[in-house]
Amino acid sequence: QVQLVESGGGLVQPGGSLRLSCAASESIFSLYAMGWYRQAPGEQRELVAGITPGGTTNYPDSVKGRFTISRDNAKLTAYLQMNSLKFEDTAVYYCNARSKIPGPNYDMDYWGKGTLVTVSS
(Lines give C-alpha, C1' and ligand atoms only; values in the text may rest on other atoms or scores of the structure.)
Protein backbone atom coordinates (compact mmCIF):
# COMPACT_ATOMS: atom_id res chain seq x y z
CA GLN A 1 0.00 0.00 0.00
CA VAL A 2 1.57 3.26 -1.15
CA GLN A 3 0.95 6.27 1.05
CA LEU A 4 1.20 9.74 -0.43
CA VAL A 5 1.37 13.00 1.49
CA GLU A 6 1.01 16.33 -0.29
CA SER A 7 2.29 19.63 1.01
CA GLY A 8 2.88 23.15 -0.23
CA GLY A 9 -0.62 24.39 -0.86
CA GLY A 10 -1.83 27.76 0.32
CA LEU A 11 -3.04 31.19 -0.66
CA VAL A 12 -1.32 32.99 -3.51
CA GLN A 13 -2.09 36.06 -5.57
CA PRO A 14 -2.74 35.86 -9.30
CA GLY A 15 0.54 35.69 -11.16
CA GLY A 16 2.28 34.11 -8.20
CA SER A 17 3.95 30.73 -7.80
CA LEU A 18 3.70 27.70 -5.56
CA ARG A 19 5.52 24.41 -5.42
CA LEU A 20 3.65 21.34 -4.29
CA SER A 21 5.41 18.26 -2.98
CA CYS A 22 4.24 14.67 -2.77
CA ALA A 23 6.16 12.37 -0.46
CA ALA A 24 5.70 8.66 -1.06
CA SER A 25 6.17 5.78 1.33
CA GLU A 26 7.14 3.26 -1.31
CA SER A 27 10.82 2.45 -1.59
CA ILE A 28 10.43 1.45 -5.24
CA PHE A 29 8.95 4.85 -6.04
CA SER A 30 10.85 4.92 -9.31
CA LEU A 31 8.55 2.23 -10.72
CA TYR A 32 5.43 4.38 -10.34
CA ALA A 33 4.04 6.90 -12.78
CA MET A 34 3.20 10.04 -10.84
CA GLY A 35 0.52 12.56 -11.49
CA TRP A 36 -1.05 15.68 -10.10
CA TYR A 37 -4.80 16.13 -10.36
CA ARG A 38 -7.04 18.91 -9.17
CA GLN A 39 -10.68 19.27 -8.29
CA ALA A 40 -12.49 22.57 -8.00
CA PRO A 41 -15.84 22.84 -6.21
CA GLY A 42 -18.58 21.35 -8.34
CA GLU A 43 -16.12 20.11 -10.93
CA GLN A 44 -14.69 16.72 -11.84
CA ARG A 45 -11.16 15.81 -10.91
CA GLU A 46 -8.80 16.54 -13.79
CA LEU A 47 -5.20 15.71 -14.59
CA VAL A 48 -2.84 18.69 -14.57
CA ALA A 49 0.50 16.95 -14.93
CA GLY A 50 1.93 13.47 -15.30
CA ILE A 51 5.40 11.96 -15.33
CA THR A 52 6.32 8.41 -16.26
CA PRO A 53 8.96 6.33 -14.48
CA GLY A 54 11.27 7.26 -17.34
CA GLY A 55 10.66 10.97 -16.90
CA THR A 56 8.33 11.71 -19.81
CA THR A 57 5.88 14.44 -18.88
CA ASN A 58 2.47 15.45 -20.12
CA TYR A 59 0.20 18.42 -19.44
CA PRO A 60 -3.21 19.62 -20.58
CA ASP A 61 -3.27 22.83 -22.59
CA SER A 62 -4.75 24.71 -19.62
CA VAL A 63 -1.47 24.52 -17.67
CA LYS A 64 1.13 23.88 -20.36
CA GLY A 65 3.99 26.35 -20.05
CA ARG A 66 2.98 27.32 -16.51
CA PHE A 67 3.17 24.06 -14.54
CA THR A 68 6.14 21.70 -14.34
CA ILE A 69 6.11 18.24 -12.82
CA SER A 70 9.32 16.60 -11.66
CA ARG A 71 10.42 13.73 -9.52
CA ASP A 72 13.34 12.92 -7.26
CA ASN A 73 13.46 9.16 -6.98
CA ALA A 74 16.16 9.26 -4.30
CA LYS A 75 13.88 11.38 -2.10
CA LEU A 76 10.71 9.44 -3.01
CA THR A 77 9.11 12.76 -3.88
CA ALA A 78 7.26 14.29 -6.80
CA TYR A 79 6.85 18.02 -7.28
CA LEU A 80 4.56 20.37 -9.09
CA GLN A 81 5.94 23.83 -9.78
CA MET A 82 3.10 26.19 -10.57
CA ASN A 83 3.86 29.60 -12.04
CA SER A 84 1.69 32.42 -13.36
CA LEU A 85 -1.20 31.19 -11.28
CA LYS A 86 -4.71 32.21 -12.26
CA PHE A 87 -7.98 32.43 -10.35
CA GLU A 88 -9.16 29.32 -12.18
CA ASP A 89 -6.27 27.29 -10.77
CA THR A 90 -7.99 27.35 -7.39
CA ALA A 91 -8.70 23.76 -6.40
CA VAL A 92 -7.69 20.90 -4.17
CA TYR A 93 -4.62 19.30 -5.70
CA TYR A 94 -4.14 15.56 -5.36
CA CYS A 95 -1.05 13.46 -5.87
CA ASN A 96 -1.49 10.18 -7.71
CA ALA A 97 0.82 7.20 -8.03
CA ARG A 98 0.10 4.50 -10.59
CA SER A 99 2.00 1.26 -10.31
CA LYS A 100 4.00 0.20 -13.33
CA ILE A 101 5.33 -2.87 -11.58
CA PRO A 102 4.56 -6.01 -13.61
CA GLY A 103 2.11 -8.15 -11.76
CA PRO A 104 -1.41 -8.13 -10.33
CA ASN A 105 -1.19 -4.50 -9.16
CA TYR A 106 -0.10 -3.09 -12.50
CA ASP A 107 -1.89 0.23 -13.12
CA MET A 108 -3.29 0.34 -9.59
CA ASP A 109 -3.85 3.91 -8.44
CA TYR A 110 -2.99 5.42 -5.08
CA TRP A 111 -4.06 8.88 -3.93
CA GLY A 112 -3.03 11.43 -1.39
CA LYS A 113 -5.57 13.38 0.65
CA GLY A 114 -5.01 16.60 -1.25
CA THR A 115 -3.75 20.10 -0.58
CA LEU A 116 -5.75 23.26 -1.17
CA VAL A 117 -4.46 25.93 -3.53
CA THR A 118 -6.33 29.22 -3.48
CA VAL A 119 -5.53 31.93 -6.00
CA SER A 120 -7.02 35.18 -4.82
CA SER A 121 -6.20 38.86 -4.62
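Model label points for THR52 and SER120, set 7 angstrom from Cα along the Cα-to-Cβ axis, are 4.0 nm apart. Using the Stokes-Einstein relation with a Kirkwood hydrodynamic radius computed over Cα pairs, the translational diffusion coefficient of the chain at 37 °C and a viscosity of 0.692 mPa s comes to 229 µm²/s. With contacts taken as Cα pairs under 8 Å at a separation of at least 6 residues, the chain carries a relative contact order of 36 percent. The accessible surface of the chain, taken with every protein chain in place and a 1.4 Å probe, is 49 percent carbon and sulfur. Within the chain, DSSP assigns beta bridges of which about 90% are antiparallel (rounded to the nearest 5). Modelled spin-label separation between GLU43 and GLN3, with each label point placed 7 Å from Cα along the Cα-to-Cβ direction: 3.1 nm. For the chain, the per residue solvent-accessible surface stands at 53 Å², with DNA, RNA and ligands left out and a 1.4 Å probe.
The values are calculated or read from the model by the stated rules, or taken from the named source; none is laboratory data. None of the values given here were measured: they were computed from a predicted structure. We place every Cβ from the backbone using ideal geometry, glycine too, and count neighbours over all the protein chains shown. Just the protein is used for accessible areas: all its heavy atoms, side chains included, with ligands, DNA and RNA removed. Shrake-Rupley method; radii C 1.70, N 1.55, O 1.52, S 1.80 Å.
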